[in-house]
Amino acid sequence: MNLTLKVLPQGRSIQVRKNTVLIEALHEAGVDLISFCNKQGLCGKCFVEIMKGKRPEPGAQEKWLLARKRLPGNFRLACLYRMTGDLTVRIPEEATLPLMPVLKRGFRRIIQPNPAVRKIVFAPFRPDLASPLSLSDQVRAHFPSPGKKASPALLKDLAILLDDSYGTVTAVIYDGAEILDFEAADTAEQNFGIAIDLGTTTLVAELVNLNTGKTIDVVTALNGQARFGADVISRITAVFQDPLKSEALRTAVLDSLNTMIEGMLKKHRIPAHRVYEAVIAGNTAMNHLFLGSPVKTLAVSPYHAVFSALSPLPASETGLLMNPRGKVYVAPNIRSFVGGDIAAGLTAIDLAHQKGDYLFIDLGTNGEIVLKKGRQFTATSTAAGPAFEGMNISCGMLAVPGAVYKAEYDDGLKVMTIANRPALGICGTGLIDLVSLFLERGVISPQGHIKGPEKKIGVGPNLFLSQKDIREVQLAAAAVKTGIRLLLSLDKLAVADLDGIYVAGAFGNYLNIPNSMRLGLLPRLDKKKIIFVGNSSLAGAKALLVSRQERARCERLAQKIRHVSLATDAAFQKTFIEALEFRAWK
């Protein structure tokens with residue numbers, strides 16, 4: 001029996017089978033309703049308004065979420081609503097996956113282009129009785145390296161190109177040895193690649209002219225996998241519980257990326273077959289999920305990966321919108337939970353060639369930390385959770401228009417929102433500011449307790465922080481602090497010994513340094529030594545795309561980095577408990 005689901009404000013009508021869970025019906029219809037708890041009814045992000053139809057009595061958890069969010073009684077969680085009759089719902093703007101703003105700021109250094117993809121123009125001649133050379137003989141003569149021999153499929157395409165009219169042909173060469181394609185006429189100027197930051201929460205794609213190394217366009221979007229959970233642990237768990245989810249997760253992120261790529265190519269009138277390489281920088285779990293590799297071993301001790309480094313993959317095997325004979329290069333993972341995004345980020349800032357001792361901190365969904373002491377590198381990862389990106393917070397949201405990203409006291413609390421839109425929620429940097437300000441004014445104790453009977457702090461109309469929200473910030477900050485302290489202790493370094501701290505990730509672009517230090521999130525260091533590098537993962541992916549030398553250096557660096565598991569450190573538990581208190585570093 002089919003039921004009718006009408007979705008407002010779009011006005012769409014969808015035919016749905018009886019007993020289908022509402023959020024699944026919406027997802028299948030292309031309505032990207034958020035669910036950061038893998039549809040368990042815990043995060044409270046997928047509330048919809050029941051305009052017409054059955055309103056079942058909410059359970060205890062749903063009642064609590066309705067009260068906490070101050071929603072009317074006709075709202076229900078889509079992940080808990082099973083359709084038994086026709087239904088009309090209104091989707092709140094904040095409940096859908098938003099269009100992400102492009103992060104303009106970021107670290108960039110000048111890199112001399114030397115891409116793996118080169119285009120060489122040549123002119124095959126028509127064989128005659130005096131010189132009846134085959135096409136393969138001509139190709140072999142023009143490209144003497146054995147690796148440049150063309151496959152039968154390529155020779156077939158070349159023969160079709162030439163047909164009755166011999167003329168100029170362009171060969172697409174990969175890594176100086178392999179012919180990827182033949183193209184009619186001189187197409188040497190049309191040589192494009194894509195650099196991708198494969199983030200847990202957000203995706204960024206950069207269209208690049210491989211000949212010049214110049215960026216043509218950059219687009220950002222929310223990772224479509226977010227509907228399966230806010231962090232990689234939720235997504236790994238989803239696959240662990242149901243192996244069929246692996247393909248669903250792969251499809252979700254692939255669809256997101258291809259939509260981004262298609263938009264850029266259409267905008268600049270570039271055909272997809274002129275894109276010959278993509279470089280992907282993501283954490284280990286995201287790389288596995290993108291390729292459909294098993295993630296079970298990442299979920300159980302000793303938490304090892306299926307792969308660390310891979311040879312360039314045929315594009316046709318990945319499904320990316322580009323020349324199917326092109327290549328997809330995945331930045332090398334360092335260890336199970338320190339991935340290619342960190343290896344790419346370290347390459348972007350050229351940390352291996354800088355003199356001195358430095359910390360590199362990526363404050364994304366996962367907190368990765370790398371300590372450079374002289375020529376020695378040590379890395380670890382922390383279970384910081386998604387609080388720094390506004391997730392698992394009562395009124396939390398991503399850094400999109402309408403998000404509170406900055407707060408200060410000036411005759412009362414004042415908040416600033418992205419794009420000066422009406423405040424819809426609080427993103428990570430706004431959360432840090434608010435907690436720091438409330439701590440300074442005694443509204444929150446150093447132990448994280450909200451003073452007062454309500455255990456709730458008002459921020460603005462329908463915006464507040466709960467005791468649970470403060471606990472989320474405590475846990476996230478403590479995880480990062482613990483990682484930093486243990487790495488410094490391991491290498492017998494004090495904070496004062498550091499020549500600088502690099503802070504990576506979109507989160508760092510608007511991070512208030514004094515407020516971060518007040519919470520103890522960042523060590524106390526001269527402000528001039530705190531260096532924000534923006535999306536270093538994307539910058540690194542572009543470096544690996546345009547330069548074979550940078551790629552080789554990245555691979556060597558990834559192999560030499562020592563990895564430390566905090567879980568096996570005897571001092572971890574004690575250090576973590578001490579770090580829960582909001583205090584500046586001594």
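Below are the figures for this structure:
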read-out: Residue in the range 370-383 that is of a type in the set (Gly, Ala, Ser), under 28 Å from Val219 (Cβ atoms) and out of contact with any strand residue (DSSP E or B) (no Cβ under 9 Å at 6 or more places or on another chain) present; value: no
read-out: Checklist (1) within 29 Å of Ala552 (Cβ to Cβ); (2) in contact (Cβ under 8 Å) with a residue 60 or more places away in the chain applied to Ala238, failing item; value: (1)
read-out: Selection status of Phe464, part of a strand (DSSP E or B) and either touching a helix residue (DSSP H, G or I) at 6+ places or on another chain (Cβ under 8 Å) or under 20 Å from Arg68 (Cβ atoms) (or both); value: yes
read-out: In the range 262-301, residue farthest from Asp242 (Cα to Cα) [restricted to those that are of a type in the set (Val, Ile, Thr) and in contact (Cβ under 8 Å) with a residue 12 or more places away in the chain]; value: Ile270
read-out: Only one of Ala130, Ala141, Ala171, Ala177 that is at pLDDT below 90 and within 25 Å of Arg551 (Cα to Cα); value: Ala177
read-out: Selection count where residues are over 29 Å from the mean Cα position of the chain (by Cα) and within 11 Å of Val459 (Cβ to Cβ), scope the range 396-413; value: 1
read-out: So Glu206, is it part of a strand (DSSP E or B), among the charged types (D, E, K, R) and modelled with pLDDT under 95; value: no
read-out: Candidates Ser234, Ser246, Ser293, filtered to the one that is of a type in the set (Ser, Thr, Tyr) and farther than 24 Å from Pro324 by Cα; value: Ser234
read-out: Selection status of Arg140, of a type in the set (D, E, K, R) and crowded, with 21+ Cβ neighbours inside 10 Å; value: no
read-out: Enumeration of residues in the range 264-312 that are outside any helix (DSSP H, G or I), more than 26 Å from Asp175 (Cα to Cα) and among the β-branched types (Val, Ile, Thr); value: Val295, Val300
read-out: Sole exception among (1) under 30 Å from Lys119 (Cβ atoms); (2) surrounded by fewer than 24 Cβ atoms within 10 Å (Cβ to Cβ) for Asp341, by number; value: (2)
read-out: Phe107, sole failed condition from (1) at pLDDT 85 or above; (2) surrounded by 12 or more Cβ atoms within 10 Å (Cβ to Cβ); (3) not hydroxyl-bearing (Ser, Thr, Tyr); value: (1)
read-out: Residues of the range 403-429 satisfying the condition of being more than 17 Å from Phe582 (Cβ to Cβ) and either buried (at least 22 other Cβ atoms within 10 Å of the Cβ) or touching a residue at least 60 places away in the same chain (Cβ under 8 Å) (or both); value: Ala403, Val404, Tyr405, Lys406, Ile418, Ala419, Leu424, Gly425, Ile426, Cys427
read-out: Condition check for Gly30: buried (at least 16 other Cβ atoms within 10 Å of the Cβ), modelled with pLDDT under 90 and of a type in the set (Gly, Ala, Ser); value: no
read-out: Top-ranked residue in the range 439-475 [being modelled with pLDDT under 90 and of a type in the set (Gly, Ala, Ser); ranked as nearest to Pro386 (Cα to Cα)]; value: Gly460
read-out: Residues satisfying the stated conditions in the range 505-532, i.e. aliphatic (A, V, I, L, M) and at pLDDT 90 or above; value: Ile513, Met517, Leu519, Leu521, Leu522, Leu525, Ile530, Ile531
read-out: Strands (runs of 3 or more DSSP E) contained entirely in the range 1-85, each with at least 3 residues that are within 29 Å of Thr202 (Cα to Cα); value: 47-52, 75-77
read-out: Answer from Leu298, Leu371 - the residue that is in contact with a helix residue (DSSP H, G or I) (Cβ under 6 Å, 6 or more places away or on another chain), of a type in the set (A, V, I, L, M), in the same structural domain as Ala238 (by TED's automatic domain parsing) and within 30 Å of Ile501 (Cβ to Cβ); value: Leu298
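The values are calculated or read from the model by the stated rules, or taken from the named source; none is laboratory data. In this text, all values refer to a predicted model and were calculated from it rather than measured experimentally. Cβ sites come from the backbone with ideal geometry, for glycine too, and all protein chains shown count toward neighbours.
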